[in-house]
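To keep things clear, I will list the structure first and then write my remarks on it.
Derivation of every value follows stated rules applied to the coordinates shown; laboratory data play no part. What you see is a predicted model; the values in this text were computed from it and never measured. FYI the Cβ positions are ideal-geometry reconstructions off the backbone, even for glycines, and counts take in every protein chain you see.
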Amino acid sequence: MESFVFTSTTSVFGDALIPPAGQPAAWITEAVVPEPKNIYGVTKAAAEDLCQLYHRNHRLPCIVLRTSRFFPEEDDLPAAREAYSDANLKANEYLYRRVDIADAVDAHLLAARRARDIGWGKYIISATTPFAPGDMPVLRHDAPSLIGRLFPHVRALYDRLGWKLPSGLDRVYVNDRARTGLGWRPKYDFGYVLGCLEKGEDFRSPLAMAVGAKGYHKGLMVPPKAQTV
């Protein structure tokens, strides 16, 4: 074996994703220390540590990719499904915690190609957020005003669709290290989504539409509780 790429998850951050009440939204980079909150996160964290151990002891190039949500199934939380239509919910997630499967595949291919040069690394794989660290206080409590300033046409577009912006967000996944370290250039972000919506087009990649849903709510994938990323 020349190198190893491990698909991890942003779920590994666990309780570190939700700041205490009254605090700004969390700016989640690879520097944030994981606090797994369930067996899924614990096992992913353990597997990451094993990758690092094997790299250290045997010099096997290992790359860990912490992917955010890319599955097309409906949200596992009933409250989320009741508050938003499925497409509305997924569009909003491109602001902070979703990646299209085509971009996720590209990240894995880049990691495989570059592993021998990098040696060891962990990377968050999520759509490029439009936010900056200084936006976190407003984002936690008044996301619509911030999103409206960044995307002035979003309110009219969402009104036409009957959609809603999130009232507040608790975290933002930051992909800077993957873009600089792997040379990753994700295509699908919130701006891309809005462009598709304005033209009446599906914002999913052709690969995402071809892969389709695998039915994890029916027990074909990991348990729903483990899918909160």
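Ranking 39, 194, 19 by Cα position along the charge dipole of the chain, where only Lys, Arg, Asp and Glu carry charges on their C-beta atoms, puts 39 farthest toward the positive end.
Straight-line reach from residue 90: taking Cα to Cα under 13 Å and skipping same-chain neighbours fewer than 8 places apart, the aspartates and glutamates in range are 73, 74, 75, 76, 100, 189, 202. Against the chain, whose longest principal axis comes from its Cα atoms, helix 39-58 is set at around 40 degrees. Taking Lys and Arg as +1 and Asp and Glu as -1, the other residues whose beta-carbon sits under 13 Å from that of residue 6 total +1. Structure note, pairs 37/187; 37/122; 37/164: Cα-Cα distances above 26 angstrom occur for 37/187; 37/164.
By the gyration tensor of its Cα atoms, with a ≥ b ≥ c the square roots of the eigenvalues, what is the shape of region 66-198: rounded for a/c under 1.5, prolate for a/b over b/c, or oblate? In terms of gyration-tensor shape, prolate. Take the chain and mark each of the trypsin sites (Lys or Arg not before Pro) that is in a DSSP loop with at most 16 other Cβ atoms within 10 Å; the longest unmarked stretch, sites excluded, is 60-163. Other residues whose C-beta falls under 11 angstrom from the C-beta of residue 142 contribute a net charge of +1, scoring Lys and Arg +1 and Asp and Glu -1. Label point 7 Å out from residue 86 along Cα-to-Cβ: which residues of region 141-176 have amide N under 13 Å? Inside the label zone: nothing. Left without a cysteine partner by the 4.7 Å Cβ rule in the chain: 196. Amide H contacts for residue 125 (H built 1.01 Å from N in the peptide plane; partners 5 or more residues away or on another chain; cut-off under 5 Å): 66, 67, 68.
The amide H of residue 6, built 1.01 Å from its N in the peptide plane, has 63, 64, 65 as neighbours under 5 Å, considering only residues 5 or more places off or on other chains.
Computed extension gain for residue 33 through residue 213, at 0.36 nm per residue and net of the alpha carbon distance, reaches 61.6 nm. Tell me, in nm to one decimal, what length is gained between residue 16 and residue 58 on full extension, where the rule is 0.36 nm per residue of separation less the Cα-Cα distance? Gain on stretching residue 16 to residue 58: 12.0 nm.
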